[in-house]
1. Rounded to whole Hz and in sequence order, give me ³J(HN,Hα) for the range 159-173 from the Karplus expression 6.51 cos²θ - 1.76 cosθ + 1.60, θ = phi - 60°, writing x for Gly and Pro.
2. Mind putting a number on the dipole of the chain about its Cα centre? Charges go on the C-beta only, +1 for Lys and Arg and -1 for Asp and Glu, and I need it in Debye to the nearest 20.
3. Find the Cα radius of gyration of the range 18-84, compare it with 2.2 N^0.38 Å by division, and give the number to two decimals.
4. How much mean residue ellipticity at 222 nm does the chain get from its helices, if each DSSP H run of length 4 or more adds -39500 (n - 2.57) and you divide by all residues, to the nearest 500 deg cm²/dmol?
5. On a 0 to 90 degree scale, rounded to 10, what angle separates helix 66-84 from the longest Cα axis of the chain?
6. Semi-axes, largest first, in whole Å: what does sqrt of 5 times each Cα gyration tensor eigenvalue give for the chain?
7. Which angle from 0 to 90°, rounded to the nearest 10, does the C-alpha axis of helix 94-105 make with the longest principal axis of the chain?
8. Please work out the FRET efficiency for the pair SER82 and LYS59, using the Cβ-Cβ distance as r and a Förster radius of 30 Å; give the result to the nearest 0.05.
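The values are calculated or read from the model by the stated rules, or taken from the named source; none is laboratory data. All of these numbers come straight from a predicted model, not from anything done at the bench. Quick reminder, even Gly has a Cβ in these numbers, built from the backbone with ideal geometry, and neighbours come from all protein chains shown. Note: areas computed on protein heavy atoms with side chains; ligands, DNA, RNA excluded. Shrake-Rupley method; radii C 1.70, N 1.55, O 1.52, S 1.80 Å.
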Amino acid sequence: MKYQGVIFDLDGVICSTDEYHFLAWKALADRLGIPFDRERNSLLRGVSRMDSLSIILEKSDRAYTDAEKTALAEEKNTLYRSLLGNMSPADLSDDVRSTLQALRAQGLRLAIGSSSKNTPFILERIGLSDFFDAVADGNGITHSKPHPEVFLKAADLIGLTPQHCLVVEDAHAGVQAAVAGGFDCAAIGDAKDDPRAAWHLQAFSDLLGL
Ligand code: BG6
Ligand code: MG
């Protein structure tokens with residue numbers, strides 16, 4: 001690999017928490033009588049919790065106060081965290097586990113760059129709390145993807161400039177963030193065909209062929 005470090009998005013890249021995000025937002029939208037489906041859900045990938053809520057409420061026929069929005073985001077997060085509570089190291093796929101170990105064996109510096117404030121909890125659930133060289137997440141940033149802040153912070157924490165790092169993303173907002181920060185991006189899953197990505201992955205293990 002021509003890179004010295006890899007920065008991974010978390011939800012939808014390392015683990016399939018993106019499905020739990022959908023289920024929790026769907027339950028909230030249904031309760032409020034707001035139309036929401038998987039197509040709308042793809043707009044929320046990579047986007048912060050409050051920005052996600054704003055996108056959902058665009059389809060509401062009433063306005064919500066800031067206090068109501070805070071309560072709604074909290075309601076979604078409570079349900080989401082109860083779903084996360086069922087996760088265990090068995091939820092890390094063999095493909096991801098073996099690829100991460102192979103990249104580590106190649107001497108690459110490995111980091112997380114996620115918009116999620118639940119990142120520490122998720123890493124703990126799947127048994128990766130101590131695996132990465134650095135974790136940049138939604139708790140320590142001011143601007144969510146598509147702003148590049150979280151990736152720039154991750155690169156800084158592993159002591160590399162963007163040109164020496166690869167970002168792995170499943171969200172169009174994340175691909176945009178990577179490119180804006182001067183990183184090459186490997187796109188997977190929902191964003192696999194994003195033309196802004198330098199690489200298009202069918203499987204996580206395709207990283208080993210770059
Ligand atoms: C991103 C997800 O990783 O984290 C988004 O792709 C989510 O869907 C965002 O909204 C924030 O997550 P959290 O866990 O802080 O609500
Ligand atoms: Mg993602």
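1. Values per residue, Gly and Pro as x: x, 10, 8, x, 5, 9, 10, 10, 9, 10, 9, 10, 10, 4, 4 Hz.
2. The dipole of the chain has a size of about 160 debye.
3. The range 18-84 yields a ratio of 0.99.
4. It comes out at -12000 deg cm²/dmol, rounded to the nearest 500.
5. 50 degrees
6. Output for the chain: semi-axes of 29, 18, 15 Å.
7. It works out to around 40 degrees.
8. With a Förster radius of 30 Å, E is 0.75.
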